[in-house]
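Student: Below you'll find the structure I mean.
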Amino acid sequence: MTVNQNWTDNGDHDGGVSYGPGYTISWQRGPLNEAGRNGAFMIEVLESCREQMIYYQSSKYACQENIEALAHLERAIASLESRRTRRANAGTLGTHQADT
């Protein structure tokens, strides 16, 4: 069983927790520029999943499904990196300012 709780503060995302058998994630609460570093970012969790998948794929558990899952993880990470770059260039990275 997995549990995901997302919190808001005046309509803005304010972190949350996700947990299940063998894992607990405490998500970043508040904008990085205001709250400082206090939780996980989605991209980091996906990067950890990617590294685990690479490990599996380099073992006796290698298979086509792992290749497909790894490709999807790579695309998700690339999309989030693109978003981070775009927001940094717009001066909105680390804030609650919405994309325009």
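Values quoted throughout were computed directly from the atomic coordinates according to the rules given, and no laboratory measurement underlies them. The model shown is predicted, which means the values in this text are computed figures rather than measured ones. For neighbour counting, all protein chains shown are included, and Cβ atoms are generated from backbone atoms with ideal geometry for every residue, glycine included.
Student: Would you please classify the overall shape of segment 42-93 from the alpha carbon gyration tensor, given that a ≥ b ≥ c denote the square roots of the eigenvalues, rounded means a/c under 1.5, and beyond that prolate means a/b larger than b/c while oblate covers the rest? Please report the intermediate quantities before stating the final value.
Tutor: Values: a/c = 5.12, a/b = 3.00, b/c = 1.71.
Prolate is the answer for segment 42-93, as a/c is 1.5 or above and a/b outweighs b/c.
Student: For the chain, what is the charge dipole size about the Cα centre, in debye to the nearest 20, if Lys and Arg each add +1 at the Cβ and Asp and Glu each add -1 at the Cβ?
Tutor: Working: 9 positive and 12 negative charges, 32 e Å.
Value, rounded to 20: 160 debye.
Student: May I ask for the distance between the Cα centers of segment 1-23 and segment 52-88, given as a whole number of Å?
Tutor: 23 Å
Student: Pop a pseudo-label 7 angstrom from the Cα along the beta-carbon direction at both Thr8 and Asn33 and give the gap in nm to one decimal.
Tutor: Modelled inter-label distance: 2.3 nm.
Student: Under the rule a/c < 1.5 gives rounded, and otherwise a/b versus b/c splits prolate from oblate, where does the chain land using the Cα gyration tensor? Present the calculation step by step, with values, prior to reporting the outcome.
Tutor: Values: a/c = 2.84, a/b = 1.56, b/c = 1.82.
Oblate, since a/c reaches 1.5 and b/c is not below a/b.
Student: Can I ask one more? Tell me which chymotrypsin sites (Phe, Trp or Tyr not before Pro) from segment 21-100 have a DSSP coil assignment and no more than 13 other beta carbons within 10 Å of their own. Please list the in-between numbers first.
Tutor: Numbers: sites: Tyr23, Trp27, Phe41, Tyr55, Tyr56, Tyr61; in loops: Phe41, Tyr61.
Passing both the DSSP loop test and the Cβ count: Tyr61.
Student: Another question about this same structure. Considering the options Ala88, Cys63, Val45, tell which one lies farthest towards the positive end of the dipole of segment 40-90, charges being +1 on Lys and Arg and -1 on Asp and Glu at the Cβ, about the Cα centre.
Tutor: Positive-most Cα among the choices belongs to Ala88.
Student: How large is the dipole of segment 42-93 about the Cα centre if only Lys and Arg carry +1 and Asp and Glu carry -1, each at its Cβ, rounded to the nearest 20 debye?
Tutor: On the way: 7 positive and 7 negative charges, 54 e Å.
In total the dipole reaches around 260 debye.
Student: If you don't mind, there's one more thing I want to ask. Go ahead and run the numbers for FRET between Arg83 and Ser58, Cβ-Cβ distance against an R0 of 35 Å, rounding to 0.05. Walk me through the numbers before you get to the answer.
Tutor: Working: r = 29 Å, r/R0 = 0.84.
Efficiency computed from Cβ-Cβ geometry: 0.75.
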